[in-house]
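Here the structure comes first, spelled out in structure tokens, and everything after it is commentary.
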Amino acid sequence: MKFKLYVLEGGQCPDSNLVEHYMKANGLPYEKIEVPKDDRSSVEKVSDQKSVPVLLAEEKAYVGKNIIRKYIIDKAVDEVMKGIK
């Protein structure tokens with residue numbers, strides 16, 4: 001599965017940078033979409049709000065570093081559990 005990650009352009013958002021770190025550290029492939037600070041219509045179109053970071057996964061938008069981090073952890077646990085069964 002490939003993810004889409006909406007971040008503030010130019011690495012200006014610490015939360016976006018942290019989520020990118022989570023994605024890379026967990027080996028998750030993603031398409032990075034940089035959102036201009038003064039035009040967040042692209043992120044609003046997919047998440048109904050203007051804040052970043054936003055992760056699109058499984059046709060759902062996950063908004064904010066904590067929610068995204070929880071999603072990544074939950075997916076990792078699911079994969080481990082599949083290997084145990």
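An ellipsoid equivalent to the chain, defined through the eigenvalues of its Cα gyration tensor, has semi-axes of 25, 13, 10 Å when rounded to whole angstrom and sorted largest first.
Each DSSP beta bridge with both residues in the chain is either parallel or antiparallel, and the antiparallel ones are about 55%. Using 0.36 nm per residue and subtracting the Cα-Cα separation, the extra length available between ALA76 and GLU9 on full extension is 21.3 nm. Angle of helix 65-84 to the longest C-alpha principal axis of the chain, folded into 0 to 90 degrees and rounded to 10: 20°.
Every read-out reported here was derived from the displayed coordinates using simple, explicitly stated rules and does not represent laboratory data. This structure is a prediction, so every number in the text was calculated from the model and none was measured.
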